[in-house]
1. D for the range 33-87, whole µm²/s, Stokes-Einstein with Kirkwood Rh over alpha-carbon pairs at 20 °C and 1.002 mPa s: what number?
2. Using square roots of five times the C-alpha gyration tensor eigenvalues, list the equivalent-ellipsoid semi-axes of the range 81-218 in whole Å, biggest first.
3. On average, how much area does the Cα convex hull of the range 1-67 cover when viewed from any direction, in nm²?
4. For the range 134-181, what log10 I(q)/I(0) values come out of the Debye formula at q = 0.13 1/Å, with one point per alpha carbon and no solvent?
5. What is the Cα radius of gyration of the range 14-123 over 2.2 N^0.38 Å, N being its residue count?
6. What's the longest bit of the chain with no exposed trypsin sites (Lys or Arg not before Pro), using DSSP loop states and at most 15 other Cβ atoms within 10 Å as the test?
7. Rounded to two decimal places and with Rh computed the Kirkwood way over Cα pairs, what is Rg over Rh for the range 110-189?
8. Given the whole protein assembly as supplied and a 1.4 Å probe, what does the accessible area of ILE177 come to in Å², nearest 10?
Amino acid sequence: MERMKRVRNGTLVFYYVFTVYAVVFGPRHEAVLYNGLLPVAAFALPAVPFVLYRVCRLRPVYLLEIVFNAFVCAAVPFASLLGGYTLIPFWDKLLHFLSGFLFAVLGTIVYFAKKPGHALDAADAFNASLYTWMFAMMSAVLWEIWEYFISFFGVDPQQVARTGVSDTMQDTIVCTIGGLITAFSCWKYLRHRGEKRHIGLMMRLFEAYYTQNIAPRG
């Protein structure tokens, strides 16, 4: 636990140093409200887990924080502030693909947090996996609605003017694929208990959270 905490602290230091660099040396963006709020979001987002711990009375899950901070760093300081979207082809699609994994893990967490007794039963394999996949797809749809909304405020993240609905559909599809892969991992995880149980990264994230905040305690 202490080792993971030190790793988390190290990633936070790297995150904020990199964010300062991106703000200072990144390309200048069009002076619209959305672009002005990006640095604020970059500095504020790593605090989200701490707020959730306090509000929801949760125990810290350092592995989830590390993965969350890495994703945010790739999405906001690197992609939005430093111009990563133009530096690396298809970086936008890669981020949406990875978001499918992360929101699918969140869906698995929600499923077992709300299940009476919170036990990990093989009988839950199909329902939990389906819920996990649907949760990831829901996140993709809600994000695209958000992007459409902010397109009225001086930016066009969906590139509607140039590509129509193509960007929206591609983002939704790759996120759905990421969620489906995680749902399959969830199914395998729940079907095979004991020594034969398969634990990939996504289920390891789920298990870390489950152990700290959901699992019944004697």
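The values are calculated or read from the model by the stated rules, or taken from the named source; none is laboratory data. Note that the coordinates shown come from a computational prediction; the quantities given were computed from them, not determined experimentally. Positions of Cβ are backbone-derived with ideal geometry, glycine not excepted, and every protein chain shown enters the neighbour counts. Note: accessible area is taken over every heavy atom of the protein model, side chains too, but ligands, DNA and RNA are not part of it. Shrake-Rupley method; radii C 1.70, N 1.55, O 1.52, S 1.80 Å.
1. 176 µm²/s
2. On the way: eigenvalues 229, 42, 34 Å².
Each semi-axis is √(5λ); the values are 34, 14, 13 Å.
3. Values: hull surface 21.5 nm².
Result: 5.4 nm².
4. Once normalised to I(0) and log-transformed, intensities are -0.29.
5. Numbers: Rg = 16.9 Å, N = 110, 2.2 N^0.38 = 13.1 Å.
This ratio for the range 14-123 stands at 1.28.
6. Numbers: sites that count: ARG28, ARG57, ARG193, ARG197, ARG217.
Between exposed loop sites, the widest span is 58-192.
7. Values: Rg = 16.4 Å, Rh = 14.2 Å.
Looking at the range 110-189, the ratio lands at 1.15.
8. My reading of the accessible area for ILE177 is about 80 Å².
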